[in-house]
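Read through the structure below, which is laid out as structure tokens, and then see the notes.
Bear in mind these aren't lab numbers, they're just calculated from the coordinates by the rules spelled out. Not measured: the values here are computed from a predicted model. Cβ placement follows ideal geometry from the backbone for every residue including glycine, while neighbour counts extend to all protein chains displayed.
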Amino acid sequence: MAIVTEKRIRYFCRYVLNQVESDIGFVDVGSGGDLKHPWKHLPSDRLKICDFEPTRSDEGKLPLCISNETGTAPFFVASDERASSFHKPVSDFVHRFGFDSMLIVKEVKVACTSLDQHLAGHYEAVDALDINVEGHDYQVLQGASALLEVGNLKLIKVEFELVPVWVGQGYFSDIDAFLRTRDFRLVHLQIDNARPSKVSHLHYDGEPIWGKALYVPDLIRYRAHLSKLKEIGISPAREELMKAVAIYIAAESPGLAYDAIDQAEMLEIIVAGEGEDFRERINHVFRWAKAESRFDNLMFLVKALCRRFLP
């Protein structure tokens, strides 16, 4: 992300969230380190974070892991802790791509719960969900059926696999079908490729292995939700809109922010003048995005040529 546009995104998100009293409820399953995209663009003091990290535990208690069932289970810690999982890695995959960092170094016992159970009674306080659990993402979603059904989720970021990476994993097709049947639609797809070890010296794109996807509620569901909140009062409906717009701009998805504003106008939650002001501010945020993107691409090519031809 180019520096000017990124700064404008952060400023816009702060501006919008200053107009609401409640913070953004963010559930981070598989958290590790600093906040990543798109959450890093949101003001950290306006995020109410509930996170889970199985390699971290409170003294005297088993690490808490999110799954689709409760009880205890083995958890496999990898050489690179970021590759630790409920699932053992597929040996053929590890060998083919030389991902020795995925090899298991120890096994620990963890306590399991589901998001539905852990968040019971607080579904409506959750605005955003990030799932990154190394092959267990589908199971986490299965354990969040009630949250998905009755909650106020505005954005879901979920990791997926396209090839057998973990024993017993879900696939992108499982995750996509599960969310679509619950009225969430795919709005962004990032696919990561890797080259098999035996041809890693050759320059080509490699093979698609995994990635991350963003989902949002479809427009019918979102409109119904705003309409229901309006029956309670204009204030909660406006707060819902403001948080949605901030989240979508943080995700660099101005089209989604425009959609939310359009729905709010049709339901008379905001007046036309307010909607136009928001659109102008969004236009300002992304005014230099195209030029910055072209400049970044040019600099990438220049660096690549220098590495190729200069000693």
Using unit Cβ charges (K, R positive; D, E negative) and no other charged atoms, how large, in debye to the nearest 20, is the dipole of the chain about its Cα centre? 1000
Estimated inter-spin distance, Leu162 and Arg287, nm [label 7 Å along Cα→Cβ]: 3.8
Cross-link table Lys212/Lys290; Lys7/Lys228; Lys36/Lys106; Lys40/Lys228; Lys106/Lys212, entries beyond 25 Å C-alpha to C-alpha: Lys7/Lys228; Lys36/Lys106; Lys40/Lys228; Lys106/Lys212
If the cut-off is a Cα-Cα distance under 16 Å, which aspartates and glutamates reach Lys198, setting aside same-chain residues fewer than 8 apart in sequence? Asp92, Asp100, Glu207
For Arg195, enumerate residues with amide H under 5 Å from its amide H, sequence gap 5+ or separate chain, H modeled in the peptide plane. Glu207
Helix-only [θ]222 nm of the chain, DSSP H runs n ≥ 4, -39500 (n - 2.57) each, per residue, nearest 500: -12500 deg cm²/dmol
Using θ = phi - 60° and the Karplus curve 6.51 cos²θ - 1.76 cosθ + 1.60, what whole-Hz ³J(HN,Hα) does each residue of segment 38-51 get, with Gly and Pro shown as x? x, 5, 5, 7, 8, x, 4, 6, 10, 9, 9, 9, 10, 10
Residue-span extension gain [Arg294 to Ser197] - 0.36 nm each, minus C-alpha spacing: 31.7 nm
Under a crude label model (7 Å from the Cα following the beta-carbon direction), how far is Tyr15 from Arg279 in nanometres? 1.6
Note, ³J(HN,Hα) from phi for segment 140-151, Karplus 6.51, -1.76, 1.60, rounded to Hz, x at Gly and Pro: 4, 5, 4, x, 10, 4, 5, 4, 5, 6, 10, x
Under-5 Å amide H pairs with His87, H placed in peptide plane, nonlocal only: Phe76
Protection-proxy order for peptides 70-81, 135-146, each taking the mean of Cβ atoms within 10 Å per residue, highest first: 135-146, 70-81
The alpha-carbon center of segment 209-231 and that of segment 101-146 are separated, in whole Å, by 20
Could you give me the ³J(HN,Hα) list for segment 5-13, computed from phi with Karplus coefficients 6.51, -1.76, 1.60 and θ = phi - 60°, whole Hz, x at Gly and Pro? 5, 4, 4, 5, 4, 4, 5, 4, 4
Specify which labelled value, from [x] 25.2, 92; [y] 21.2, 68; [z] 18.4, 54, agrees with Rg and Dmax of the Cα atoms in Å derived from the coordinates of the model shown. [y]
Order these peptides, 218-224, 235-241, by their mean beta-carbon neighbour count within 10 angstrom, highest first. 235-241, 218-224
List the residues whose amide H sits under 5 Å from the amide H of Gly170, counting only those 5 or more places along or on another chain, with H placed 1.01 Å from N in the peptide plane. Asp137, Tyr138, Gln139
